[in-house]
Amino acid sequence: MMRAVLALLTGILFGAGLAVSGMTNPVRVRGFLDVGGRWDPTLVFVMAAAVAVMMLAWRMQRRLLRPLLAEKFVLPTRKDIDLRLVAGAALFGVGWGIAGICPGPAFAMLALLPADATIFLVGLFAGMAVFRLFSSRGRHSR
Amino acid sequence: MTLAPAWSTLPGFPGADPAAGLAGGALIGLAAALVLIGLGRIAGVSGLAARAFGLADDGPPRGMAVLFILGLPLGAGLVYALTGLGLGAVADWPYLLVAGVLVGLGTRLGSGCTSGHGVCGIGRLSARSIVATIVFICTGMVTVAVLDMLKVAG
């Protein structure tokens with residue numbers, strides 16, 4: 001129960017942060033990516049503040065044996081930089097540049113521009129489904 | 001329209017809103033920190049979304065993913081209701097759809113997006129996340145420059 005409450009609460013906090021920071025505004029996001037034009041550095045401040053808080057959280061995490069409301073930490077362990085990581089990030093960046101929207105803001109935008117957000121999300125799920133199709137094929141053929 | 005107080009300006013960058021950026025960023029960081037410390041997970045929205053909508057076999061408990069994703073429009077809606085904050089122009093629907101496909105495929109292939117890699121991963125000084133973030137910011141910048149040149153989208 002507490003876990004469910006925290007999951008919803010963190011989602012609300014995250015969505016509020018996206019709206020306050022301007023990350024839900026495609027014009028602001030594309031302004032950050034528009035280095036050759038009228039560059040809007042606001043996103044640098046968003047990232048700096050968020051990363052600073054997360055750095056403290058990672059410090060705290062290293063002192064904890066287990067999370068406060070779960071049995072254990074389940075965290076990424078991979079350290080290798082492979083083609084998949086780079087190619088995936090590259091594709092994501094192209095999509096991000098076209099619309100000025102990434103996954104968090106897409107869901108947050110449902111609150112204000114539901115039609116536009118839904119079109120983007122339909123594409124998002126289609127892209128994820130394509131990945132799933134190919135990754136499960138890979139598993140079977142291995 | 002922005003949430004910025006009159007003093008939130010940055011010399012040389014009339015469109016920038018550093019105070020709103022810092023405040024919103026701190027909220028995003030706090031949310032991700034609570035997910036890590038409280039639930040023991042990375043607050044990566046692409047991974048949570050894939051899990052919530054049944055498009056990933058591994059990841060956090062599905063209920064947790066669904067509730068987190070549900071919270072995103074609730075939190076943003078709350079801010080919009082309290083501040084009257086608006087959004088700028090959104091791309092036409094064909095661009096939105098194509099962008100969505102690229103973002104969906106790219107984030108699954110690259111194991112994360114702006115939140116998982118950009119906020120949580122960089123906060124952990126993960127080399128994978130730092131590389132991923134540099135790559136997606138660079139291809140994003142190139143994309144905007146190319147579209148600008150062709151005078152389409154945006």
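The values are calculated or read from the model by the stated rules, or taken from the named source; none is laboratory data. This one's a predicted model, so the numbers in the text were calculated from it and none came from an experiment. No Cβ is skipped: glycine too gets one built from the backbone with ideal geometry, and neighbour counts run over all protein chains shown. What goes into the accessible areas is simple: the full protein's heavy atoms, side chains included, and nothing from ligands, DNA or RNA. Shrake-Rupley method; radii C 1.70, N 1.55, O 1.52, S 1.80 Å.
Tabulated data
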{"item": "Residues satisfying the stated conditions in segment A:1-24, i.e. touching a residue at least 60 places away in the same chain (Cβ under 8 Å) and either buried (at least 24 other Cβ atoms within 10 Å of the Cβ) or more than 7 Å from chain B (Cβ to nearest Cβ) (or both)", "result": "A:Met2, A:Phe14, A:Gly15, A:Leu18, A:Ala19, A:Met23, A:Thr24"}
{"item": "Of residues in segment A:54-98 being part of a helix (DSSP H, G or I) and of a type in the set (D, E, K, R), the one nearest to B:Thr107 (Cα to Cα)", "result": "A:Arg84"}
{"item": "Qualifying residue in segment B:87-101 (condition: more than 7 Å from chain A (Cβ to nearest Cβ) and surrounded by fewer than 23 Cβ atoms within 10 Å (Cβ to Cβ))", "result": "yes"}
{"item": "Candidates A:Gly123, A:Gly37, A:Gly138, filtered to the one that is at pLDDT 95 or above and among the small types (Gly, Ala, Ser)", "result": "A:Gly123"}
{"item": "When residues of segment B:140-154 are limited to those that are open to solvent by 50 Å² or more (accessible area, probe 1.4 Å) and at the interface with another protein chain (Cβ under 8 Å from one of its Cβ atoms), the one modelled with the lowest pLDDT", "result": "B:Asp148"}
{"item": "Search result, residues across segment A:25-48 that are within 23 Å of A:Leu112 (Cα to Cα) and surrounded by fewer than 21 Cβ atoms within 10 Å (Cβ to Cβ)", "result": "A:Val27"}
{"item": "Per-region count, segment B:124-139, residues touching a helix residue (DSSP H, G or I) at 6+ places or on another chain (Cβ under 7 Å) and more than 7 Å from chain A (Cβ to nearest Cβ)", "result": "3"}
{"item": "So A:Val51, is it in a helix (DSSP H, G or I) and either open to solvent by 50 Å² or more (accessible area, probe 1.4 Å) or more than 7 Å from every other protein chain (Cβ to nearest Cβ) (or both)", "result": "no"}
{"item": "Qualifying position, being surrounded by fewer than 16 Cβ atoms within 10 Å (Cβ to Cβ) and under 27 Å from B:Pro73 (Cβ atoms), among A:Pro105, A:Pro114, A:Pro76", "result": "A:Pro114"}
{"item": "Search result, residues across segment A:29-42 that are facing another protein chain (nearest Cβ under 7 Å) and assigned to a helix (DSSP H, G or I)", "result": "A:Arg30, A:Gly31, A:Leu33, A:Thr42"}
{"item": "Residue under evaluation B:Gly63, criteria (1) within 22 Å of A:Ala99 (Cα to Cα); (2) surrounded by fewer than 19 Cβ atoms within 10 Å (Cβ to Cβ); (3) facing another protein chain (nearest Cβ under 8 Å); (4) not acidic (Asp, Glu), criterion not met", "result": "(1)"}
{"item": "Residues within segment B:33-58 that are assigned to a loop (DSSP other than H, G, I, E, B), under 19 Å from the mean Cα position of the chain (by Cα) and over 15 Å from A:Ala129 (Cβ atoms), tallied", "result": "4"}
